[in-house]
Amino acid sequence: MQEIKSDHTFTTPGHYGDFGGTYVPELLYPELQRVADAYHAARQDPAFNQELNDLLANYAGRPSLLYYAANMTKDLGGAQVYLKREDLNHTGAHKINNVLGQALVAKRMGKKRLIAETGAGQHGVATATVAALFGMECEIFMGKVDTERQKLNVYRMQLLGAKVTPVTSGSAVLKDAVNAALQNWAARSDDTFYLLGSAVGPYPFPEMVHDFQSVISKESKQQIQQAAGRQPDYIVACVGGGSNAIGSFAEYIADPAVHLIGAEAAGKGVDTPENAATMTNGSTGIFHGMKSKFLQNADGQIDKVYSISAGLDYPGVGPEHVRLQELGRAQYVAITDDEAVNAFEYIAKEEGIIAAIESCHAIAEVMKLAPTLGSDKIIICTVSGRGDKDVASIAKYRGVEIDD
Ligand SMILES: *Cc1c(COP(=O)(O)O)cnc(C)c1O
């Protein structure tokens, strides 16, 4: 059995037990190796790390706060709840941590053009943001169905100078946008860098995204020591592809005293066809360049997925999470739309924080967990993003009419 090394990484690069790997067309393989080499060289280079740290501090606004949620703690009547406030970053989510890192790698490789896939548009907006910042050309692939559902984000990307290309193949949603982006990359890898949005895809993306998002737990580890004089007992984060969760877990993986919990989307219920609960219902497969768990039918065709939260609406999950689940190192729970919407309203009323509906899947788990624990226990929950984008859909869910 492959083990986790003392520096928290896995023993074979790109392989998490039987999961991960680089399942791509032969044409793309050498380019992925070039990306891996460039990224590893960058991480050894003090100038790269200094530039990244400078951007994280002065552009993204890091460190993000670790906030003691006194009202929630009192109301839930159990463990002490701290919130890691990724919603306070520039562009309103954790995604900026990853896009800054990868765009710097792209620049170092001499690439002039960034491409990305996007579902709800959040990763597209983040990529378009760094492309604007670095003066790079940018093209975002987005399922046609998604471009119609998320017109505001399409316009945002265009404001930032990106070209948004609607993808009509397949079901014209996120998974099809990933395929289109991979195809475009294979055709134009000479000048183009594919900036992948989560801890998924072929090696080196899961490792790179883990690394760039681990700033979340690097900070929280120090912040909780300062605030509480000790390390936490639980880390809770939502899981779509798994990037904010792996970043929130990263520095604690080697410490078995810290329980790691990922909250994925159960949609209308894990027993209904309408969910995105890959860790709960998925099976092993190969898709989007990686061996991982997917929601798929008996023929290996990828299922349609559903969640109220567009950011958790992905039929796969990062391979490192599948391995952590298999090793029993992390646990994954599924949270329904209803539970997430309740949590959305709860954290707004209790703490004055409008959190992303994705993040509210993690909050919903905290609402269940905290009351079962003693007041000597500490939970850190990552608020992956802000919820302004979700207000209209929550109103609709509650049957409230909003005229604008
Ligand atoms: C994109 C997004 C997610 C889901 O992505 P992960 O890679 O699983 O972190 C979660 N929360 C917010 C706010 C997002 O924008």
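Each reported figure results from applying straightforward, stated rules to the coordinates on display, with no laboratory input. A quick note: this is a predicted structure, and the numbers were derived from the prediction, not measured. Note that we place each Cβ from the backbone using ideal geometry, even for glycine, and neighbour counts take in every protein chain shown.
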Q. Over the C-alpha atoms of the stretch 212-306, what are the Rg and the largest Cα-to-Cα span, Dmax, in Å?
A. 16.2, 52
Q: Work out from phi, with θ = phi - 60° and the Karplus expression 6.51 cos²θ - 1.76 cosθ + 1.60, the ³J(HN,Hα) of each residue of the stretch 74-85, listed in order in whole Hz, and give x for Gly and Pro.
A: 5, 5, 6, x, x, 4, 7, 10, 10, 10, 8, 8
Q) Which ³J(HN,Hα) values, rounded to whole Hz and listed in residue order, are derived for the stretch 176-192 from phi using the Karplus coefficients 6.51, -1.76 and 1.60 in 6.51 cos²θ - 1.76 cosθ + 1.60 with θ = phi - 60°, glycine and proline given as x? A) 6, 5, 4, 4, 5, 5, 4, 5, 4, 5, 4, 7, 10, 5, 4, 10, 10
(Q) Given the -39500 (n - 2.57) contribution per DSSP H run of 4+ residues, what per-residue ellipticity at 222 nm results for the chain, rounded to the nearest 500 deg cm²/dmol? (A) -12500 deg cm²/dmol
Q: Provide the descending list of Cα extents for the stretch 308-388 along its principal axes, expressed in whole angstroms.
A: 37, 35, 19
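Within 10 Å of each residue's Cβ, count the other Cβ atoms and sort VAL317, VAL130 from fewest upward. The partial results should precede the final answer.
Working: VAL317 31, VAL130 28.
Fewest to most other Cβ atoms nearby, the residues stand as VAL130, VAL317.
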Q. Quick one: net charge of TYR194's neighbours, Cβ under 14 Å, K/R +1, D/E -1?
A. -1
Q: Determine the percent antiparallel among the DSSP beta bridges restricted to the chain, to the nearest 5.
A: 35
Q. So what's the stretch 227-270 giving for Cα Rg divided by 2.2 N^0.38 Å, two decimals?
A. 1.33
Q) Tell me, what is the percent relative contact order of the stretch 199-346, built from C-alpha pairs under 8 Å that lie six or more residues apart? A) 25
Q | Net charge, ALA128 excluded, C-beta distance under 13 Å - Lys, Arg +1, Asp, Glu -1 | A | +1
Q: Mind pulling up the Rg/Rh value for the stretch 81-218? Radius of gyration and Kirkwood radius, both on Cα.
A: 0.96
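With viscosity set to 1.567 mPa s at 4 °C, what whole-number translational diffusion coefficient in µm²/s follows for the chain from Stokes-Einstein and a Kirkwood radius over Cα pairs? Before the final figure, lay out the partial values.
Values: Rh = 21.0 Å.
In µm²/s, the coefficient is 62.
More than 12 angstrom separation, counting every C-alpha pair in the stretch 69-118; what % is that? Walk me through the numbers before you get to the answer.
Working: 894 of 1225 pairs.
Taking all Cα-Cα pairs of the stretch 69-118, the fraction more than 12 Å apart is 73 percent.
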Q: Could you work out the relative contact order of the chain, using alpha carbon pairs under 8 angstrom and six or more residues apart, expressed as a whole percent?
A: 20
Q: Starting from the Cα of LYS396, draw a straight line to each of the lysines and keep only those under 20 Å, dropping any in the same chain fewer than 8 residues away.
A: LYS151, LYS268, LYS349
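Could you give the C-alpha radius of gyration of the stretch 224-372 expressed as a fraction of 2.2 N^0.38 Å, taking N as the number of residues it contains? Could you put the intermediate results ahead of the total?
Working: Rg = 15.5 Å, N = 149, 2.2 N^0.38 = 14.7 Å.
So the stretch 224-372 has a normalised radius of gyration of 1.05.
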Q | Of the trypsin sites (Lys or Arg not before Pro) in the stretch 116-219, those whose Cβ has at most 16 other Cβ within 10 Å and which sit in DSSP loop | A | none
Q: Normalising by the residue count of the stretch 323-392, find the relative contact order in percent from Cα pairs under 8 Å and 6+ residues apart.
A: 31
Q.
Order 105-114, 292-301, 191-200, 353-362 from most to least packed using the mean count of other Cβ atoms within 10 Å.
A. 353-362, 191-200, 105-114, 292-301
Q) Using the Karplus equation 6.51 cos²θ - 1.76 cosθ + 1.60 (θ = phi - 60°), what ³J(HN,Hα) coupling, rounded to whole Hz, does each residue of the stretch 297-302 give in order, writing x for Gly and Pro? A) 8, 5, 8, x, 7, 5
